[in-house]
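Remarks on the structure that follows.
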Amino acid sequence: MAEHIGRRRFIGAAAGAIALGAAGGIALGQQQWFAPEQTAEEETTKPITADPAATPDAQALLRWFKELPTRDARRVVSGQQIDDITAASYEYFVEKLAVRTGKHPAIVGVMVRDAWTRADSKILVDHWKRGGLITMDIHPTNPWNPTGGPSSAWVPDAKAAKPDLRMLLSTSDSTPQRTLWRKQMEKLGDLVEEMASAGAVVMLRPLHEGNGSWFWWGQDMASRKTFARDLYRDVFYYITQTRNLHNVLWLYSPGASWDGPALSYYPGSEYVDMVCPTRYDDDMLMLGERTGESPNNDYKDVVSTGKPVGFGECGPSTKLDGSWDARTIIKRIRETYPAMTYFHVWHGWENKIMELARDKYTEELMNDPWVVTRENIDWRPKPGATTTTRPSTTGSQPPKPSATGRGSVIRPQVTR
């Protein structure tokens, strides 16, 4: 926080100096700034993550993602979502894929639900220790429909008015909705803490597809807005400041821009490490590629952030019977979306087949020279390499939160 404020003050001071210089008759082109030059080592070791206190592994992993598009091979990381944080689910979606193809997905994704317990995290720790990566999304119960469970994340009427998400912020007045939401945040914090204790980095996608209208945190179609940006920032501060956890890469994950542009609720560069849209399409084409389909160009928009990009979720749209050609993923990335650094295939729903283990030509996909699997992942710094000049504040074990799961409350500014 202090560094962030300092940066803002420097920018303001610089702007004021430029204005004074111009008023005093000094041409802008003649002004000189004398900042100390940074060495190549300083440039490569200073924190690059949204969280300045991120662990060395988190920083090294983000640098690796940034470098992937420059490679000639092993430049797109494979991923598979599992439908529950259980050994049975991991066996079905991950080990079954390995038996068929000889390769494990590099990334395993899970959804944090209300029923999660600490004992369930063993499969994620094992995957990490074997060289894999972990991504998480949250699929929270609608605080305004508490009896609905995780299924209440979807709204029955996408055109109906959405709630004011500012009611859920840490700085808001106490309400039943806020209490339920904060309990769900504690559950997320517990899981991130469990991963920190194991030394694992979490690629976290809070409030995914917020530019769509289908989730309770999504865009209100009447007003064409939501306060998802503020709630995302609140989650950021809860994890990094209140819980003092720094083993996270922060992923902004918009949906296809049917209802609003991909960057409608972008929380700001200082809160985001990667931009990872979701896309379900038989041809893996993003909105903007087909003439007349959308006024937006989703790929152009996400790349414009300058952050590493990847498919946070992907899969077919109509070929949900196992007939989808999984090679379409890498073909499309190679030919149309070369900046994409990873793909993450969903587990399917309502008996629809989507997972890699049951799609066609998955062997070819997982053995493509562009694809990174758990067997050939290479993000870890070589022994003796320095990844950051800032020592981790957590060490191998994260600081323990207060008994209530809350520390000092950080007050993010509400933007609108």
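The values are calculated or read from the model by the stated rules, or taken from the named source; none is laboratory data. Everything numeric here is computed off the predicted structure, so don't read it as measured data. Glycine gets a Cβ as well: all are built from the backbone with ideal geometry, and neighbour counts include every protein chain shown.
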Flag if Tyr237 is surrounded by fewer than 21 Cβ atoms within 10 Å (Cβ to Cβ) and either over 16 Å from the mean Cα position of the chain (by Cα) or outside any strand (DSSP E or B) (or both): yes
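Do you know which of the residues in region 293-308 that are within 11 Å of Ser257 (Cα to Cα) and polar (S, T, N, Q) is surrounded by the most Cβ atoms within 10 Å (Cβ to Cβ)? Don't jump to the end; show me each part of the working.
Start the filter on region 293-308 by keeping residues that are within 11 Å of Ser257 (Cα to Cα), which leaves 293-299, 301.
Narrowing the set further to residues that are polar (S, T, N, Q) leaves 294, 296-297.
Numbers: Ser294: 16, Asn296: 20, Asn297: 17.
The selected residue is Asn296.
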Read through the list (1) surrounded by 13 or more Cβ atoms within 10 Å (Cβ to Cβ); (2) modelled with pLDDT of 95 or more, then give the number of the only condition that Lys129 fails. (1)
Checking the condition in the same structural domain as Leu207 (by TED's automatic domain parsing), modelled with pLDDT of 95 or more, within 19 Å of Gly310 (Cα to Cα) and in a helix (DSSP H, G or I), which residue from Glu91, Glu67 passes? Glu67
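Can you find a residue that is touching a Phe, Trp or Tyr at 6+ places or on another chain (Cβ under 6 Å) and closer than 16 Å to Trp216 by Cβ anywhere in region 141-151?
Checking region 141-151: at least one residue is touching a Phe, Trp or Tyr at 6+ places or on another chain (Cβ under 6 Å) and closer than 16 Å to Trp216 by Cβ.
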Identity of the residue in region 175-201, touching a Lys or Arg at 6+ places or on another chain (Cβ under 9 Å) and not in a helix (DSSP H, G or I), that ends up nearest to Ile107 (Cα to Cα): Ala200
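For every residue, the table says whether it meets (1) surrounded by fewer than 22 Cβ atoms within 10 Å (Cβ to Cβ); (2) among the charged types (D, E, K, R); (3) farther than 22 Å from Thr278 by Cα; (4) touching a residue at least 12 places away in the same chain (Cβ under 8 Å).
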{"position": "Gly79", "(1), (2), (3), (4)": "no, no, no, yes"}
{"position": "Asp83", "(1), (2), (3), (4)": "yes, yes, no, yes"}
{"position": "Thr86", "(1), (2), (3), (4)": "yes, no, yes, yes"}
{"position": "Lys103", "(1), (2), (3), (4)": "yes, yes, yes, yes"}
{"position": "Val125", "(1), (2), (3), (4)": "yes, no, yes, yes"}
Of the residues Ala196, Ala200, which single one is in the same structural domain as Asp84 (by TED's automatic domain parsing), within 16 Å of the chain's Cα centre (by Cα), of a type in the set (Gly, Ala, Ser) and under 18 Å from Asp137 (Cα atoms)? Ala200
Residue identified as crowded, with 23+ Cβ neighbours inside 10 Å, among the hydroxyl-bearing types (Ser, Thr, Tyr) and at pLDDT 95 or above among Ser264, Ser269, Ser253, Ser257: Ser253
For region 131-139, check the following and say yes or no: at least one residue is among the charged types (D, E, K, R) and more than 24 Å from Glu194 (Cα to Cα). no
Quick one: in region 353-369, which of the residues that are of a type outside the set (D, E, K, R) and in a loop (DSSP other than H, G, I, E, B) is nearest to Ile82 (Cα to Cα)? Met354
How many residues does region 90-101 contain that are without any contact (Cβ under 8 Å) to a residue 40 or more places away in the chain and surrounded by fewer than 20 Cβ atoms within 10 Å (Cβ to Cβ)? 4
Which ones in region 332-352 are over 30 Å from Glu270 (Cβ atoms) and crowded, with 17+ Cβ neighbours inside 10 Å? Arg332, Val345, His347, Gly348
Those residues of region 150-185 that are more than 16 Å from Arg233 (Cα to Cα) and either exposed (fewer than 14 other Cβ atoms within 10 Å of the Cβ) or of a type in the set (Lys, Arg) (or both) come to a total of 13
All-but-one check, Arg166 against (1) at pLDDT below 95; (2) closer than 24 Å to Lys225 by Cβ, failing number (1)
Within region 126-163, residues within 16 Å of Leu231 (Cα to Cα) and part of a helix (DSSP H, G or I) come out as Ala153
Let me confirm something: among Gly306, Gly260, Gly255, which residue is more than 25 Å from Pro143 (Cα to Cα), small (Gly, Ala, Ser) and in a loop (DSSP other than H, G, I, E, B)? Gly306
Please enumerate the residues belonging to region 214-234 that are buried (at least 24 other Cβ atoms within 10 Å of the Cβ) and among the polar types (S, T, N, Q). Gln219, Thr226
Lone qualifier among Asp72, Asp84 - being modelled with pLDDT of 95 or more and part of a loop (DSSP other than H, G, I, E, B): Asp72
Do the conditions hold for Glu364, that is, is it surrounded by 10 or more Cβ atoms within 10 Å (Cβ to Cβ), in contact with a helix residue (DSSP H, G or I) (Cβ under 6 Å, 6 or more places away or on another chain) and modelled with pLDDT of 50 or more? yes
Which one of these is within 23 Å of Val275 (Cβ to Cβ) and modelled with pLDDT of 50 or more: Pro369, Pro383, Pro338, Pro412? Pro338
Show the residue pairs meeting these rules: Cβ distance below 8 Å; 6+ apart or different chains; first residue within region 261-280 and charged (D, E, K, R); second residue at pLDDT below 95. Glu270/His4
When restricted to Asp325, Asp283, the only residue in contact with a Phe, Trp or Tyr (Cβ under 7 Å, 6 or more places away or on another chain) and surrounded by fewer than 23 Cβ atoms within 10 Å (Cβ to Cβ) is Asp325
